[in-house]
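The values are calculated or read from the model by the stated rules, or taken from the named source; none is laboratory data. Every value quoted in this text rests on a predicted model; they were computed, and no experiment measured them. Because the Cβ atoms are built from the backbone with ideal geometry, glycine has one as well, and the counts that use them run over all protein chains shown.
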Amino acid sequence: MRAIQVKRPGGSFEIVEIPTPTPGPGQVLIKVTVCGICGGDEVCRSGLFPGMRYPRVPGHEAVGTIILLGQHVGSRWGLGQRVGVGWHAGRCDNSEACEHCRRGSFFVCTKATGTGLTADGGLAEYMVADQTALVAIPDALDSIQAAGLLCAGLTVFNAIRLSSIRPGDTLAVAGIGGLGHLGLQFGRKFGYRVVAVSSSSAKEADCLGRFGAHVFVDASKEDVPARLAELRPKLILGTSVDAKSITALTPTWPSDAQLLILSEPPTATLEIPYIPLLFNRNSIVGFTAGTSADAEDALRVAEMVGVEVQTETYPLEQAEEAFRTIRAARYRRVIVLDAAITDRE
Ligand SMILES: [Zn+2]
Ligand SMILES: [Zn+2]
């Protein structure tokens, strides 16, 4: 099969021909039709993830069809079924051996390693996935949309629903890219007053228009801490990969407000003024995607309320270019492997 591989830490996306994998017990073989490209793929390229081995097929936003079932696959999954696979590569389900599964914390199960990190991912014509990693896709949702929602959509959806924000509160979304444009839409549909914070004036019309923000704060011209102090967000989704702009979100919130950091800044450390944390009882929390069941909820809700991913599509051969220039994406990039699938736009 044709696949993308990262051959060594610091390597790029190379197109290769490798044997099609065989599903083991509890696994399925998927014919991949589309797979998103994401800033998170840098984790596969950098080699910073503990326990990574190379060569590795990246891709944690895969959608395709089940074409072969391994032994002991449950009746929930069948041949010809359209499924997705996100970051979460599955769980062991062995409550006697795994304290995480015993307590229902499936996301941190030690088997829950990362798709495209410790298991080969979806930037390939075929991939093997554990049945506990599979995401059923609503019929009404097309595959390109589903791929765009499996990582960024799931992350913002889960981050919002697991926080203590309530309808009527103010939600600020800082950084309007792949994560941010979906955070604004979910926030609007969930009944919050939505504030977009972006250093790109060119995104103002999108934010206030199709993404549904009520307020646009232009970080290239306005004093972001002062504006946030005035707007009083209860929850801030920090999607920027720039450490300085994340730090600028921290000092001036209402009491009990939370900053969720959703994407990795390029520096390993952040400098945070801690006095406001004490006196305002503010908190800063890191958050990543969710389980396959969480992803099913995210996809179903996105389809139900009309959250739409803005996508640009590329063929597999251009995966390296699509990744290298990802900062210029508007707003998600998706690799299409099946010529029968075309972008609706
Ligand atoms: Zn991703
Ligand atoms: Zn487990």
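For region 225-244, what are the residues that are of a type in the set (V, I, T) and in contact with a strand residue (DSSP E or B) (Cβ under 6 Å, 6 or more places away or on another chain)? Steps first, answer last, please.
Residues of region 225-244 that are of a type in the set (V, I, T), as a first pass: 236, 239, 241.
Within region 225-244, just I236 meets the criteria.
Test D139 against the criterion of being assigned by TED's automatic domain parsing to the domain that holds E312 and either within 20 Å of the chain's Cα centre (by Cα) or within 16 Å of ligand 2 (Cβ to nearest atom) (or both), and give yes or no.
The answer is no for D139.
Go through region 115-136 and give me each residue that's away from ligand 2 (no atom under 16 Å from the Cβ) and either outside the structural domain of V57 (by TED's automatic domain parsing) or of a type in the set (D, E) (or both).
Scanning region 115-136 gives D120, E125.
Tell me, which strands (runs of 3 or more DSSP E) lie completely within region 119-217 with 3 or more residues that are among the β-branched types (V, I, T)?
Those strands (runs of 3 or more DSSP E) span 193-198.
Which is closer than 14 Å to S292 by Cβ and either in the same structural domain as D297 (by TED's automatic domain parsing) or in contact with a Leu (Cβ under 8 Å, 6 or more places away or on another chain) (or both), of G90, G64, G70?
G90
If a residue counts only when it is in contact (Cβ under 8 Å) with a residue 24 or more places away in the chain and under 15 Å from the mean Cα position of the chain (by Cα), which strands (runs of 3 or more DSSP E) contained entirely in region 257-345 have at least 3 such residues?
332-336
Scan region 82-114 for residues that are outside any loop (DSSP other than H, G, I, E, B) and within 16 Å of ligand 2 (Cβ to nearest atom) and report the count.
Residues in region 82-114 being outside any loop (DSSP other than H, G, I, E, B) and within 16 Å of ligand 2 (Cβ to nearest atom): 9 in total.
A quick yes/no check of all residues on (1) in contact with a Lys or Arg (Cβ under 8 Å, 6 or more places away or on another chain); (2) in a loop (DSSP other than H, G, I, E, B); (3) within 15 Å of ligand 1 (Cβ to nearest atom):
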| position | (1), (2), (3) |
| --- | --- |
| G10 | yes, yes, no |
| V16 | yes, no, no |
| T20 | no, yes, no |
| L29 | no, no, no |
| M52 | no, yes, no |
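Quick one: which of L68, L79 is away from ligand 2 (no atom under 16 Å from the Cβ), in contact with a strand residue (DSSP E or B) (Cβ under 7 Å, 6 or more places away or on another chain), more than 27 Å from R8 (Cα to Cα) and not in a loop (DSSP other than H, G, I, E, B)?
After ruling out the rest, the residue left standing is L68.
Out of everything in region 13-34 that is under 21 Å from the mean Cα position of the chain (by Cα) and not aromatic (F, W, Y), what residue ends up being nearest to A129 (Cα to Cα)?
I30
For the list (1) over 15 Å from the mean Cα position of the chain (by Cα); (2) more than 25 Å from Q318 (Cβ to Cβ); (3) surrounded by 24 or more Cβ atoms within 10 Å (Cβ to Cβ), I need the number of the one condition that A159 fails.
For A159, the failing item is (1).
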